[in-house]
Amino acid sequence: MTARHVISLSDLSDEDLHSVMVRGARFAGRSGADGAPLAGTVTGILFRRTSTRTRTAFSAGAQRLGGGIVTFRPEELQLATGETAEDTGAVFARMLDIMVARTADDQAEMRAWAALGGMSVVNAMSAQEHPTQGLTDLTTLHRRFGRIEGLRVLYVGEGNNTAAALALGLTRFRDVHLHLATPPGYGLSAEIGTRAAKQAAANGSTLTESQSLEDVPERMDVVYTTRWQTTGTSKADPDWRRLFEPFQVTGDLWRASPDALFMHDLPAHRGDEVTAEVLDGPRSIAFEQAENKMWSAMAVLEWCANGVVERRGA
Ligand SMILES: NC(=O)NCCC[C@H](N)C(=O)O
């Protein structure tokens, strides 16, 4: 099997991105290919940080496509007794077809595993990026709007790995307007911001940022938020709660964007980043989005095994 990696969304060509997005939507509509495209493959599932949605999505998704899985408890690997990540990966690459990993905070370890060859590596979230969330979000938008082009999206909260994936995903499409309202000091990293801005410019899209909810653009199609505490980057700043509180998504935002849908990558904390009224209200598609994680995971795994399935214009 040719190894294909999803360590960053930038690893996917436009054609790959389109195929995985559309394929996820087809799986969601239960109109994916019959049969078992992952038959004869084994996917490793290794999470060194907590996970509900991503882990379940890939574990259930692989099995729905006829593939086998091996789930690792990190504390039971020899990593815990001092075997290097490189040596551990070298063994995985000889036995597994795909590795879905939420491991070190940075992506270097995944790149090293990918360089071994023979095994596809899927980044199930690092500090910098959450590419499988980005793919899920594209599939969710594609299912709801039938297009990504022309969408206006407001993201509220930390410019974390989820925001990075959203920015890197949306700016690959034409005429998209993404605005991020982030607390001071919690914007996108310079590296991600530059990469996304370059893509936006090339596609006639815009990426704008502000440090307040005052004067955010109106008539948005989507308002998206995320929890205030990002996994693995607990905030050293003693003031963080005071900085984040003005960014709670409440019914007030709907006045500016009366048609907006609400998205959240979950887990949610009602009363912190979003009110219960918004999260549990009729505009919220947060749980549909969570379900899409599995359909999108199936599309990612199938792409790792077989490459592009859905061709543009087909
Ligand atoms: N949907 C998810 O994968 N949620 C878990 C992580 C959310 C957030 N980006 C975090 O890093 O804490």
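Considering only 212, 135, 236, whose Cα is most displaced toward the positive end of the charge dipole of segment 131-290, charges sitting on Cβ of Lys, Arg (+1) and Asp, Glu (-1)?
135
For segment 123-140, what does the Karplus curve 6.51 cos²θ - 1.76 cosθ + 1.60, with θ = phi - 60°, yield as ³J(HN,Hα) per residue in whole Hz, taken in order and with x for Gly and Pro?
So the Karplus estimates, Gly and Pro as x, are 7, 8, 2, 10, 4, 7, 9, 10, x, 6, 5, x, 5, 4, 5, 5, 5, 4 Hz.
Given the peptides 60-66, 246-252, arrange them by the average over their residues of other C-beta atoms within 10 Å, most packed first. Let's see the in-between values first.
Numbers: 60-66: 19.3, 246-252: 15.4.
Most protected by this proxy first, the peptides run 60-66, 246-252.
For a quick check, take a GNM of the chain with Cα springs below 10 Å and name the residue from 205, 296, 13 with the largest mean-square fluctuation.
In this elastic network of the chain, the residue with the biggest mean-square fluctuation among 205, 296, 13 is 13.
Defining a contact as two alpha carbons under 8 Å apart and six or more residues distant in sequence, what relative contact order in percent does segment 131-290 show? Provide the component values of the computation, followed by the final result.
Details: 294 pairs, mean separation 36.2, N = 160.
Relative contact order comes out at 23 percent.
On full extension of the chain, what length is gained from residue 87 through residue 277, given 0.36 nm per residue of separation minus the C-alpha to C-alpha distance? List each step's numbers first, then the result.
Values: separation 190, 0.36 × 190 = 68.40 nm, distance 4.94 nm.
Going from the current span to full extension adds 63.5 nm.
³J(HN,Hα) across segment 26-31 via Karplus (A = 6.51, B = -1.76, C = 1.60, θ = phi - 60°), whole Hz, x for Gly/Pro?
Running phi through 6.51 cos²θ - 1.76 cosθ + 1.60 with θ = phi - 60° gives 5, 4, 4, x, 6, 10 Hz.
May I ask you to give the percent of accessible area on segment 131-290 that is carbon plus sulfur, with a probe radius of 1.4 Å? All intermediate terms of the calculation are to be shown ahead of the outcome.
Numbers: 3150 of 6440 Å².
Result for segment 131-290: 49 percent of the exposed heavy-atom area is carbon or sulfur.
Could you give the length gained on full extension between residue 211 and residue 15, defined as 0.36 nm per residue of separation minus the Cα-Cα distance, in nm? Don't skip to the end; give the middle numbers.
Details: separation 196, 0.36 × 196 = 70.56 nm, distance 3.44 nm.
The residue 211-residue 15 span can extend by a further 67.1 nm.
What residues qualify as long-range amide H neighbours of residue 41, i.e. H under 5 Å apart, gap of 5 or more or another chain, H built at 1.01 Å from N?
68
For segment 296-314 and segment 30-85, write down the distance between their C-alpha centroids in whole Å.
One Cα centre to the other: 18 Å.
Taking H placed 1.01 Å from N in the peptide plane, check which residues at least 5 places from residue 177 or on another chain put their amide H under 5 Å from its amide H.
Under 5 Å from the amide H of residue 177 lie the amide H atoms of 151, 152, 153, 206, each far enough along the sequence or on another chain.
Give the peptides 47-53, 152-158, 172-178 in descending order of average Cβ contacts within 10 Å, highest first.
On the way: 47-53: 15.9, 152-158: 24.1, 172-178: 20.7.
Taking the mean over residues of other Cβ atoms within 10 Å, the ranking is 152-158, 172-178, 47-53.
Between residue 189 and residue 116, what is the label-point separation in nm under the 7 Å Cα-to-beta-carbon projection?
2.3
With no solvent and one equal point scatterer placed on each C-alpha of the chain, evaluate the Debye formula and give log10 I(q)/I(0) for q = 0.09 Å⁻¹, two decimals.
For the chain at q = 0.09 Å⁻¹, log10 I(q)/I(0) is -0.43.
If you count the DSSP beta bridges with both ends in segment 131-290, what percent of them are antiparallel, to the nearest 5? Walk me through the numbers on the way to the answer.
Values: 0 of 21 bridges.
Taking every DSSP beta bridge within segment 131-290, about 0 percent pair in antiparallel fashion.
Compute the angle between helix 161-170 and the longest alpha-carbon principal axis of the chain, please, reported from 0 to 90 degrees and rounded to the nearest 10.
Long axis of 161-170 versus the principal axis of the chain: about 80 degrees.
About its Cα centre, what dipole magnitude does the chain give when the only charges are +1 on Lys and Arg Cβ and -1 on Asp and Glu Cβ, stated in debye to the nearest 20? It would help to have the intermediate numbers written out before the result.
Details: 32 positive and 39 negative charges, 158 e Å.
Using only the charged Cβ atoms, the result is roughly 760 debye.
Please give the per residue accessible area of segment 42-100, computed with a probe of 1.4 Å over protein heavy atoms only, in Å². Display every interim value, and only then the final one.
On the way: 3010 Å² over 59 residues.
On a per-residue basis, 51 Å².
Note down the net charge around residue 54, summing +1 for each Lys or Arg and -1 for each Asp or Glu among other residues with Cβ under 9 Å from its Cβ.
Values: positive: 53, 55, 102, 293; negative: none.
Spelling it out: positives minus negatives among the neighbours equals +4.
Connecting C-alpha atoms closer than 10 Å in a GNM of the chain, tell me which of 80, 127, 165 has the biggest fluctuation.
80
How much FRET efficiency would the formula 1/(1 + (r/R0)^6) give for residue 250 and residue 145, where r is the Cβ-Cβ distance and R0 is 30 Å, rounded to 0.05?
Details: r = 24 Å, r/R0 = 0.80.
Calculated value: 0.80.
Taking +1 at the Cβ of each Lys and Arg and -1 at the Cβ of each Asp and Glu, which of 200, 250, 91 sits farthest along the dipole of the chain towards its positive end, judged by Cα position relative to the Cα centre?
Toward the positive end, the furthest listed residue is 91.
In Å, what Kirkwood hydrodynamic radius results for segment 26-93 from the alpha-carbon pair distances? Please list the in-between numbers first.
Values: mean 1/r = 0.0729 Å⁻¹.
This gives a value of 13.7 Å.
Fully extended, how many nm does the chain gain between residue 237 and residue 311 (0.36 nm per residue separation, minus their Cα-Cα distance)?
Details: separation 74, 0.36 × 74 = 26.64 nm, distance 4.68 nm.
Gain in length upon complete extension: 22.0 nm.
Dipole size in debye (nearest 20) for segment 131-290 around its Cα centre, Lys and Arg Cβ +1, Asp and Glu Cβ -1? Numbers along the way, then the final one.
Values: 16 positive and 21 negative charges, 97 e Å.
For segment 131-290, the charge dipole is close to 460 debye.
Could you tell me the extents of segment 131-290's C-alpha atoms along the three principal axes, largest first, rounded to whole Å?
Principal-axis extents of segment 131-290 (Cα, largest first): 39, 36, 30 Å.
The values are calculated or read from the model by the stated rules, or taken from the named source; none is laboratory data. Just so it is clear, the structure is predicted and the values come from calculations on it, not from any experiment. In this analysis, Cβ positions are derived from the backbone assuming ideal geometry, glycine residues included, and neighbour counts consider all displayed protein chains. To get the accessible areas, we keep the full protein, side chains included, count just its heavy atoms, and leave off ligands, DNA and RNA. Shrake-Rupley method; radii C 1.70, N 1.55, O 1.52, S 1.80 Å.
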